[in-house]
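Asks: Just passing along the structure, written as C-alpha cells.
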Amino acid sequence: MTTRLERQAGPESLLLNMGPSHPAMHGTIRIMLELDGERILASEVEIGFLHRGFEKTCESKTFFNLLIYTDRLNYVSPLINNLGYVLAVEKLLGLEIPERARYIRVLMSELSRVSDHLTCLAAMAMESGAFTVFLYMMKAREFLWDVIERTTGARMTTSYIRIGGVRAELADGFAADTRTAVKETRKVLKDVRGLLDRNPIFLARTRDVGVMSRENALAYGWTGPCLRSTGLAYDVRKARPYLVYDRLAFDVPVGERGDNFDRYKVRMLEMEQSLRLIEQCGDWLERHPGPAVPADGRAMVPAEAIREARRRKPEGRIILSPNLEGSEKERLESLYACAPGVVPPAKEDAYASMAGLIGHFQYFMTGHGLRPPKGEVYASVEGGNGELGYYIVSDGGDRPYRLHLRAPCLHIVSALEELIRGRLLADIIPTFGSMNMIGGELDR
Amino acid sequence: MEEEKTLDALRDACPGAILEAGLSLGDAVAVIRPEDLPAVAAFLRDGPPRMAMLLDLTCVDRPDESGRFEMVYHFLSLETYARVRIKARLPAVNPEIASLTGLWKNADWLEREVFDLFGICFADHPNLSRLLLYDGFEGHPLRKDYPLRRRQPRIPPRQDGPGS
C-alpha cells in the first residue's frame, strides 16, 4: 500500500519519512515529506498511532466509570478533560452544582491550563535548542502538580471533577501552597521571557515561520491559543461562560501575525491570566470556607463501625481511608449537587446502615447507576488547546449510547501540511511544537 | 435568543430542507434532508447566521431505526457565539452524503474519520481514505455491530515502500 504522497511525488524529489519514532514527533505522528534539498514541496501527515478506541470504549462503560478515560485524553490537563465531560452529563441531567464546587473546578482547571501551556512551551523550546527553558518550565509545572496532587491524590490521572461536583474538599494548607506555586511560576515566566523574547535564535526559528492567516484558521476550525494567535479573541470562557468565569476578571490575549512566535506569546500571556484567575478563586475559597468535620466525639475506623452496625446504629464519626479524605459526609453538601441517585452517596452510610450499603452499590454497580434521560447534548470548555467539546447521546441507559469528543488538536494538526509547505525541514520542529499536539486527544 | 434566531433564519432560507427544528436542552437542532446539506451549510456560513466555523462533525449509528446513520454537524458563529446542530439521516446500505471540504478545510480530516470509523462515503472528498486506522483494517469500529473485542488479522511487513 502506498501513501498519497508516494503516488504523487515527482521523480526528482526525495521522500523522507519523519516519525513516528522521531523524538520531535512524540512517537504518535508520522509525516511523509517530499523534499527538494531541505525545502518541503509537499507532505502527508499520518495519525492514529496511539488510537485507543476511546469512543468505542466509552460506549461500554457506565457514565461514572468512563470518567477515568477522559483523564487520559490530554494527560497534561486532565482536570479540564474531566470538566468538559461532567458538564455535558450535567447538562443532560439538568444538574446545578454548589457554589463552592464551582470555584474549586475553575481553580483546578486553571492550574491545569498553566501546566498544559508550560509543557507545550517547554517542549517547543527544548526542541528548538533552549534546554534551560525546558528545565525552568518543568520546575514550575512541578510546583503546580504538587498542589494538584495534595488534593486529588494524583499528578496526571486525577479523576477529581465528578458528575455533580468534585471528589473531595481541598487539602489542608491549599491556599498557602497555591500562593507559593503561583509566585514561583511567575518567577519562572519572567526568566523564560528574559531568555526567549529577544533571543535571535529563537526569533529566527519562530518569527514569520508557520504563519496562519485568520481566514485559514477559521476554515481549519482552529480554537484556543492557536486561533487567538491570528488575532481572533474567541475563548469559550468568555463566549459562553460556564461555572463562575463570568464573575472573574481576566483578559483574552491575542496575537497579530499567527506565526510560531505569536503562538508562544499568546500562551505566555494566557498563563499570566490563568494565574490571576487562580488567585481570585483562591481568595473566594478562603473567604468562604467549607463546613468543617467535627473533631470532637468518638472517631472509629470503618471496620469498627461495621462491627457496631451489626448490633445498633454506630455512634460517632467514621474515619475515611486516605483516598477518600475530604469527602466526609459533613462536607458533601458543599461539594456535590443535592440529587440522590445522581451523585455518589456518603461513604460513611455504606459502613453504618443496610440502606446506605444498598444505595452505595446501586450507584456504582453496572446496570444500576446513573441513568440520564433520553436526549443528546453538546457541551464544551476552553481546554489547553482550544474548544474541548463532548457530544453525548443518551438512550436512557446507564452508559452513553454514543460519546464523541471534539478534540481541538485534531483541527490544529490537520493544518500542518499547509503550514510547512514551502518551508525548510528544520521549520517543522518549532511549528509542530507550537501546535501543542497531544496524542491522547488527537488519536483518542 | 441567538439559537432561535438562527433556526428561524434557516427555516426562512431553506424551507423545504428542514424536516424538524427546535431547541433541545438549550441546543439549537435542525434535522434536514441529506441532499440539502450543501445548501444548508453554505447558507449557514455565508447567510445571516454567519457560522464561520465547522466546529465538529460526527455520526451516530442507530441500527434499529430507518435511516440508520445519523450525521451530526455542529456549526459556530464567531459574531454571536451561537451554535447550531444539523442532523441528516442516511440509509444503512451505501450511506453517502456530500462532502463539506469545499466550504471548510477541517471537513477533510473530520470526514475521513467518519469514513474510517463508520464507513460513510463523502461525495467529492479529495482524499477519502482511512485516518486513524490502517488501510488493511476490516470493518468500521464505531458501528454498533462491530464487536468491542474483535481482533484484526496481522498485516505483513511492507515490501514496496521507499528503501525496500
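Asks: Whose amide H sits under 5 Å from the amide H of B:M53, counting only residues 5 or more places off or on another chain, with H placed in the peptide plane?
Replies: Counting only residues 5 or more places away or on other chains, the set is B:L76, B:L78.
Asks: Moving on. With a point put 7 Å past each Cα toward its Cβ, work out how far B:R11 is from A:A176 in nm, to one decimal.
Replies: Going by the 7 Å Cα→Cβ label model, 6.2 nm.
Asks: Right, here's the next one. Could you give the Stokes-Einstein D for the protein assembly as shown in µm² per second, using the C-alpha Kirkwood radius, 25 °C, 0.890 mPa s?
Replies: It diffuses with D of about 96 µm²/s by this estimate.
Asks: Hey, another quick one. What does the net charge come to around A:K183 if you take all other residues with beta carbon closer than 12 Å to its beta carbon, with K and R at +1 and D and E at -1?
Replies: Details: positive: A:R179, A:R186, A:K187, A:K190; negative: A:D177, A:E184, A:E279.
So the environment of A:K183 carries a net charge of +1.
Asks: Would you give the gap between the C-alpha center of the range A:5-44 and the C-alpha center of the range B:31-75, rounded to a whole Å?
Replies: 34
Asks: Using per-residue counts of other Cβ atoms within 10 Å, averaged over each peptide, order A:159-165, A:351-357 from highest down. Please report the intermediate quantities before stating the final value.
Replies: Details: A:159-165: 23.9, A:351-357: 15.9.
Packing order, densest peptide first, comes out as A:159-165, A:351-357.
Asks: With θ set to phi - 60° and the Karplus curve 6.51 cos²θ - 1.76 cosθ + 1.60, what are the ³J(HN,Hα) couplings of the range A:339-344 in order, to the nearest whole Hz, using x for Gly and Pro?
Replies: Values, residue by residue: 8, x, x, 9, 10, x Hz.
Asks: State, as an integer percentage, the relative contact order of chain B based on alpha-carbon contacts under 8 Å between residues 6 or more apart. Working shown, then result.
Replies: On the way: 280 pairs, mean separation 27.1, N = 164.
Answer for chain B is 17 percent.
Asks: Now for a different question. Consider just the alpha-carbon atoms of the range A:116-198 and return their Rg together with their Dmax, both in angstrom.
Replies: For the range A:116-198, the Cα radius of gyration and maximum Cα-Cα distance read 14.8, 47 Å.
Asks: Give the peptides A:29-40, A:392-403 in descending order of average Cβ contacts within 10 Å, highest first. Let's see the in-between values first.
Replies: Details: A:29-40: 17.3, A:392-403: 19.3.
Per-residue mean Cβ counts within 10 Å order the peptides as A:392-403, A:29-40.
Asks: Full-extension gain between B:E138 and B:R158, please, as 0.36 nm times their residue separation minus the C-alpha to C-alpha distance. Can you show the working numbers first?
Replies: Details: separation 20, 0.36 × 20 = 7.20 nm, distance 1.78 nm.
Full extension of this stretch gives 5.4 nm more.
Asks: Please compute the net charge surrounding A:L79, taking Lys and Arg as +1 and Asp and Glu as -1 over other residues with Cβ under 15 Å from its Cβ.
Replies: Numbers: positive: A:R72, A:R102, A:R105, A:R113, A:R141, A:R150, A:R155, A:R162, A:R167, A:R237; negative: A:D71, A:E110, A:D116, A:D146, A:E149, A:E382, A:E441.
Neighbourhood net charge equals +3.
Asks: Once a ≥ b ≥ c are taken as the square roots of the eigenvalues of the Cα gyration tensor of the range A:155-231, is the result rounded (a/c under 1.5), prolate (a/b larger than b/c) or oblate (a/b not larger than b/c)?
Replies: Details: a/c = 3.84, a/b = 1.47, b/c = 2.62.
Verdict is oblate for the range A:155-231.
Asks: Let me ask something else about it. Round to a whole angstrom and tell me the spacing of the C-alpha centers of the range A:129-208 and the range A:395-416.
Replies: 27
Asks: Related question: First select every other residue whose beta carbon is under 13 angstrom from the beta carbon of B:I32; then total the charges, Lys and Arg +1, Asp and Glu -1. Don't skip to the end; give the middle numbers.
Replies: Numbers: positive: B:R11, B:R33, B:R85, B:K87, B:R89; negative: B:E20, B:E35, B:D36, B:E70.
Neighbour charge sum, excluding B:I32 itself: +1.
Asks: Quickly estimate the mean residue ellipticity at 222 nm for chain A, helices only: each DSSP H run with n ≥ 4 gives -39500 (n - 2.57), and the total goes over all residues, rounded to 500.
Replies: On the way: 20 runs with 211 residues, N = 444.
Taking each H run of at least 4 residues, the total per residue is -14000 deg cm²/dmol.
Asks: Kindly identify the range A:39-134 as rounded, prolate or oblate by the Cα gyration tensor criterion: order the square roots of the eigenvalues as a ≥ b ≥ c, call it rounded if a/c is under 1.5, otherwise compare a/b with b/c, prolate if a/b is larger, else oblate. Please report the intermediate quantities before stating the final value.
Replies: On the way: a/c = 3.05, a/b = 1.47, b/c = 2.08.
Taking the square roots of the gyration eigenvalues as a ≥ b ≥ c, the range A:39-134 is oblate.
Asks: When DSSP beta bridges are limited to those with both residues in the range A:1-72, what percentage is antiparallel, rounded to the nearest 5?
Replies: Values: 12 of 12 bridges.
Approximately 100 percent, going by the DSSP bridge assignments.
Asks: Report, in debye and to the nearest 20, how large the dipole of chain A comes out about its Cα centre when Lys and Arg carry +1 and Asp and Glu carry -1 on their Cβ.
Replies: 760
Asks: So, one more: Provide a whole-number value for the mean count of partner chain Cβ atoms within 10 Å of the Cβ atoms in peptide B:47-57. Don't skip to the answer; put the middle values down first.
Replies: Working: counts 0, 0, 0, 0, 0, 6, 12, 5, 9, 12, 3.
Shielding by partners across B:47-57 averages 4.
Asks: Also: At q = 0.16, 0.17, 0.22 Å⁻¹, what base-10 log of I(q)/I(0) does the Debye formula yield for the range A:364-444 when every alpha carbon is treated as an equal point scatterer in vacuo?
Replies: Per q value, in the given order, log10 I(q)/I(0) is -0.72, -0.77, -1.00.
Asks: With unit charges on the beta carbon (Lys/Arg positive, Asp/Glu negative), name the residue among A:P302, A:G282, A:M271 whose Cα is farthest towards the positive pole of the charge dipole of the range A:254-304.
Replies: So the residue we want is A:M271.
Asks: I've got another one for you. Counting only helical runs of four or more DSSP H residues, what would the 222 nm mean residue ellipticity of chain B come to if each run contributes -39,500 (n - 2.57) and the total is spread over all its residues?
Replies: Mean residue ellipticity, 222 nm, calculated: -6500 deg cm²/dmol.
Asks: Follow-up question, since we're still on this one. Given 0.36 nm per residue, what is the gain on full extension from A:A249 to A:A233 after removing their alpha carbon distance, in nm? Mind showing how you got there, number by number?
Replies: Details: separation 16, 0.36 × 16 = 5.76 nm, distance 1.57 nm.
Extra length from A:A249 to A:A233 when fully extended: 4.2 nm.
Asks: Taking H as built 1.01 Å from N, whose amide H comes closer than 5 Å to the amide H of A:G231, not counting residues under 5 places away?
Replies: A:G255
Asks: Here is a follow-up. In nm, to one decimal, how far is the modelled label at A:N323 from the one at A:K183, with both set 7 Å along Cα→Cβ?
Replies: 3.5
Asks: Taking Cα atoms, how many degrees apart are the long axis of helix A:78-93 and the longest axis of chain A, rounded to 10 and kept between 0 and 90?
Replies: Around 60 degrees separate the two axes.
Asks: Quick one: angle between helix B:2-13 and the longest Cα principal axis of chain B, in degrees between 0 and 90, rounded to 10, please.
Replies: For helix B:2-13, the angle is close to 90 degrees.
Asks: Along the Cα→Cβ direction, 7 angstrom out, place labels at A:R312 and B:L23. What is the inter-label distance in nm?
Replies: 5.6
Asks: Here is a further query. Mind pulling the angle between the C-alpha long axis of helix B:37-46 and the longest principal axis of chain B? Nearest 10 degrees, somewhere in 0 to 90.
Replies: 60
Asks: Using only protein heavy atoms and a 1.4 Å probe, report how much of A:K190 is accessible, in Å² to the nearest 10.
Replies: Here the residue's solvent-accessible area equals roughly 140 Å².
Asks: OK, next. Suppose accessible area is computed on protein heavy atoms with a 1.4 Å probe; arrange A:S213, A:S380 from highest to lowest. Walk me through the numbers on the way to the answer.
Replies: Working: A:S213 50, A:S380 15 Å².
Reading off the accessible areas and sorting them downward yields A:S213, A:S380.
Asks: Please label the shape of the range A:1-67 as rounded, prolate or oblate, based on the square roots a ≥ b ≥ c of the eigenvalues of the alpha-carbon gyration tensor (a/c under 1.5 means rounded; beyond that, a/b larger than b/c means prolate, else oblate).
Replies: Working: a/c = 4.90, a/b = 2.77, b/c = 1.77.
Judged from the Cα gyration tensor, the range A:1-67 comes out prolate (a/c at least 1.5, a/b above b/c).
Asks: Give the accessible area for A:K139 in Å² (nearest 10); use a 1.4 Å probe, count only protein heavy atoms, and leave out ligands, DNA and RNA.
Replies: 100
Asks: Within 10 Å of each Cβ in B:134-147, how many Cβ atoms from other chains are there, averaged over the peptide? Working shown, then result.
Replies: Numbers: counts 4, 3, 1, 1, 0, 0, 0, 4, 6, 1, 3, 0, 1, 0.
Partner Cβ neighbours, averaged per residue: 2.
The values are calculated or read from the model by the stated rules, or taken from the named source; none is laboratory data. None of the values given here were measured: they were computed from a predicted structure. Glycine also receives a Cβ, built like all others from the backbone with ideal geometry; neighbour counts cover every protein chain displayed. Accessible surface areas use protein heavy atoms only, side chains included; no ligands, DNA or RNA. Shrake-Rupley method; radii C 1.70, N 1.55, O 1.52, S 1.80 Å.
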